[in-house]
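Novice: Quick one: the structure is below, questions incoming.
The values are calculated or read from the model by the stated rules, or taken from the named source; none is laboratory data. Note that the structure is predicted; figures quoted are calculated from it, not measured. FYI the Cβ positions are ideal-geometry reconstructions off the backbone, even for glycines, and counts take in every protein chain you see.
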There are 2 protein chains.
Amino acid sequence: MTRYLIYSEGQFGTPASKTGNSVIRYSAEHVAAVLDSRLAGKTVGDVLGYGGDIPVVGSIEEGIARGADALLVGIAVHGGGFGPELRTAIHKSIGLGLDVWNGLHGFVGDDPELAALAAARGVTLHDLRRPPADLPVGTGLVRHLDATVVLAVGSDANIGKMTVMLQLRAALRDRGTRVAFAPTGQTGIFIDGWGICVDAVVADFIAGAAETLTIQAARDADIVLVEGQGSILHPGYSGVSLGLLHGSLPHALIACHQPTRKTFRHNAWLPVPPIADVIALHEAIAKPLRPARTIGVSLNTSEMSDRDARAEIARIAEETGLPTTDPVRFDITPLAEAVQAFDAERRGAAPATSPA
Amino acid sequence: MTRYLIYSEGQFGTPASKTGNSVIRYSAEHVAAVLDSRLAGKTVGDVLGYGGDIPVVGSIEEGIARGADALLVGIAVHGGGFGPELRTAIHKSIGLGLDVWNGLHGFVGDDPELAALAAARGVTLHDLRRPPADLPVGTGLVRHLDATVVLAVGSDANIGKMTVMLQLRAALRDRGTRVAFAPTGQTGIFIDGWGICVDAVVADFIAGAAETLTIQAARDADIVLVEGQGSILHPGYSGVSLGLLHGSLPHALIACHQPTRKTFRHNAWLPVPPIADVIALHEAIAKPLRPARTIGVSLNTSEMSDRDARAEIARIAEETGLPTTDPVRFDITPLAEAVQAFDAERRGAAPATSPA
């Protein structure tokens, strides 16, 4: 089992460490330590409020002493390349025998010096955003699967689509179903160790990548939870989101929404429409290929008071007629029950497996 | 002015020579000759029924003798690479001093031997599908333009979207408007000498590529005609089509349809919906970013009798309430008038320029 040293130098606990934070939240057993010399000596729990006793360390050597065998590069970097500080850390890590898992747009394997050093040291470089070489153009092959496919969609990017699917997977596993998660972005891939960054493939192959992933996830599962990306209304990312929808051909959708998000991410000119409109649009554009029914709403209420959050959940449940929750703040159960009930209805029978 | 030798060996006049045929139809003044040794001695007009006296030649040397200064690779090639015969022709062309314009997925510039020879001979290699290095993520910048933006959309791929925009450009030029065409695919780029293959960019940058192109086309134009790609309902290409819609933020749409096309290209499992449904979906998914009104329908009636074509045009005009024509078989005028009227209405004034 890979054990990561999460590189977060100068950024841990800030919004820029979001990727590393998600790996800690959903895959803590894979995290040996976090590297941020500003916070060395603290625990992850001290900084984030979750993550418990995972140590924050001040050097790569300390990370290795805590059991790390891989460096995880999950921070945000502006512009191309890695910047001198990060590149030095990658160089040193390879020299010390760590594998590298890199989610940035720049590829470690394309840096001749780092690649040569990795070859000499026998370590493996995982550039998560490098697409597979032989992706197909999508042709709707998912329609032949027996598995029930569920896709998280959203009124905007960065709104909780991966989170709800990971929570759902855990809950459905607890209930004894054969469930799989199909990672479509870097954080999901860090957490699950496989997947394709669908926003990093050549545009002609978005749906083909989604199709490939969904078919792979369905091999040993009755229910496939496909991680969503972006929004079909986001000015930058809508193409990725629609290709993912038409490639994964979900039977059911979980609609994700952040009530306090008034305008689209990085697009303050553009208001986020009401979630009911977003749901209707998704169902309309899915239908000609394969009808998809929205079966639940996942709210991100992180910027609301407890009272406001509960009121908003009730309001949206009323407005949409759908099970609604904030799966991080409250309870995933309504959505887990909705997926099981949908799966049972689709199969015209009792749920694939009964609650444990 | 570049004068192409169109490489079409063994394929001229077959469906596989579609790209070359379009260049001949819309840009004949750029075509010195077509290379297909099977048909050497004939004229393009003999083979295609249009293209007049452009000669078909049996060798690269003959093409040069007819005035060619560039080899245009516009045929379809199965699998990666160029195949031995085509690669030999490219090698010889470079050796004889021809530039190369290549629309295939494989890049001539990535072949070390061909690249070195091109450098030594001082010829330029144009790999049309290679994306620009510095594309932005789309952020709706087109909304700041003064120009009226018109996008061709369709009920399927390969249905006449480029064709109608090229016909429209010619007609609007004749009417004295300042009109530009924004090429989004290889054939459009061959014809116009600039553009971006939006299906060849990394998925995150589809809308950014469309935005960049539209802004560039608007520099010297009051009306920008954006070449469409695919369909927002095509199982393989819908992501590209939606990114193009949300990146170019059209004010108006021309809806393209082929009445005899019953199922989606390469997807015989999937029926093509009625054009009225396709129009409604496009307008619904455009609206939250910027409302787009469909102002005309362009039909491809190439597989219908004259009588059936006229009847279908009348039927669809009645069903949609929109000006409808087959711009290749009949007359572009109804669509040219629709664009001018829309532009005038949008500007709250008389048309930007009056008919000549």
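Novice: Sort out which residues of the range B:206-215 are hydrophobic (A, V, I, L, M, F, W, C) and surrounded by 24 or more Cβ atoms within 10 Å (Cβ to Cβ), and write them in order of number.
Specialist: B:I206, B:A207, B:A209, B:A210, B:L213
Novice: Being under 29 Å from B:F342 (Cβ atoms) and assigned by TED's automatic domain parsing to the domain that holds B:S241 narrows it down to one residue among B:A268, B:A276; which is it?
Specialist: B:A276
Novice: Out of A:A221, A:A284, A:A268, A:A276, which single residue is more than 9 Å from every other protein chain (Cβ to nearest Cβ), among the aliphatic types (A, V, I, L, M) and without any contact (Cβ under 8 Å) to a residue 24 or more places away in the chain?
Specialist: Among A:A221, A:A284, A:A268, A:A276, only A:A268 is more than 9 Å from every other protein chain (Cβ to nearest Cβ), among the aliphatic types (A, V, I, L, M) and without any contact (Cβ under 8 Å) to a residue 24 or more places away in the chain.
Novice: Just the residues that are of a type in the set (A, V, I, L, M) and loosely packed, with under 15 Cβ neighbours inside 10 Å, please, taken from the range A:44-73.
Specialist: The one that is of a type in the set (A, V, I, L, M) and loosely packed, with under 15 Cβ neighbours inside 10 Å: A:A65.
Novice: Next up: Quick check: is even one residue across the range A:145-153 modelled with pLDDT under 95 and within 14 Å of chain B (Cβ to nearest Cβ)?
Specialist: Among the residues of the range A:145-153, not one is modelled with pLDDT under 95 and within 14 Å of chain B (Cβ to nearest Cβ), which makes the answer no.
Novice: Taking the options A:D156, A:D99, A:D146, name whichever one is surrounded by 15 or more Cβ atoms within 10 Å (Cβ to Cβ) and assigned by TED's automatic domain parsing to the domain that holds A:H257.
Specialist: Exactly one residue qualifies, and that residue is A:D156.
Novice: Would you mind finding the one in B:A276, B:A286 that is surrounded by 13 or more Cβ atoms within 10 Å (Cβ to Cβ), over 21 Å from the mean Cα position of the chain (by Cα) and more than 20 Å from B:T148 (Cα to Cα)?
Specialist: None of the others qualify; the one that does is B:A276.
Novice: OK, next. Condition first: more than 19 Å from the chain's Cα centre (by Cα) and on the phi > 0 side of the Ramachandran plot. Now tell me which residues in the range A:34-57 satisfy that.
Specialist: A:G41, A:G49, A:G52
Novice: When you look at A:D134, is it away from chain B (no Cβ under 14 Å) and either of a type in the set (K, R) or surrounded by fewer than 24 Cβ atoms within 10 Å (Cβ to Cβ) (or both), yes or no?
Specialist: Taking the combined requirement at face value, the residue does not satisfy it.
Novice: Are any residues in the range B:2-55 assigned to a loop (DSSP other than H, G, I, E, B), of a type in the set (S, T, N, Q) and in contact with a strand residue (DSSP E or B) (Cβ under 8 Å, 6 or more places away or on another chain), and if so, which ones?
Specialist: B:T2, B:S8
Novice: Also, I was wondering about something else. Which residue is surrounded by the most Cβ atoms within 10 Å (Cβ to Cβ), if the candidates are limited to the range B:342-354 and must be of a type outside the set (K, R) and in contact (Cβ under 8 Å) with a residue 40 or more places away in the chain?
Specialist: Only one residue fits best here, namely B:D343.
Novice: Could you check, for the range A:230-237, whether at least one of its residues is in the same structural domain as A:I295 (by TED's automatic domain parsing), closer than 26 Å to A:H126 by Cα and of a type in the set (S, T, N, Q)?
Specialist: Within the range A:230-237, not a single residue is in the same structural domain as A:I295 (by TED's automatic domain parsing), closer than 26 Å to A:H126 by Cα and of a type in the set (S, T, N, Q).
Novice: Quick check: is even one residue across the range B:305-328 surrounded by 14 or more Cβ atoms within 10 Å (Cβ to Cβ), over 25 Å from B:G236 (Cβ atoms), away from chain A (no Cβ under 14 Å) and at pLDDT below 95?
Specialist: Checked against the condition, which is being surrounded by 14 or more Cβ atoms within 10 Å (Cβ to Cβ), over 25 Å from B:G236 (Cβ atoms), away from chain A (no Cβ under 14 Å) and at pLDDT below 95, the range B:305-328 yields at least one hit.
Novice: Please find, within the range B:162-205, the residue that is modelled with the lowest pLDDT out of those that are part of a helix (DSSP H, G or I) and among the aromatic types (F, W, Y).
Specialist: Applying the filter and picking the extreme gives B:F190.
Novice: Is it true that some residue in the range B:194-205 is surrounded by fewer than 24 Cβ atoms within 10 Å (Cβ to Cβ), under 16 Å from the mean Cα position of the chain (by Cα), within 14 Å of chain A (Cβ to nearest Cβ) and under 22 Å from B:L104 (Cα atoms)?
Specialist: yes
Novice: Please work out which one of (1) crowded, with 17+ Cβ neighbours inside 10 Å; (2) within 23 Å of the chain's Cα centre (by Cα) is the condition A:A76 fails and give its number.
Specialist: All conditions are met except number (1).
Novice: At least 2 residues that are touching a residue at least 60 places away in the same chain (Cβ under 8 Å) in each: list the strands (runs of 3 or more DSSP E) lying fully within the range B:60-134 that qualify.
Specialist: B:70-73, B:99-102
Novice: Across the range B:233-260, which residue is nearest to the chain's Cα centre (by Cα) among those that are among the β-branched types (V, I, T) and more than 7 Å from chain A (Cβ to nearest Cβ)?
Specialist: Per the criteria, the residue is B:I254.
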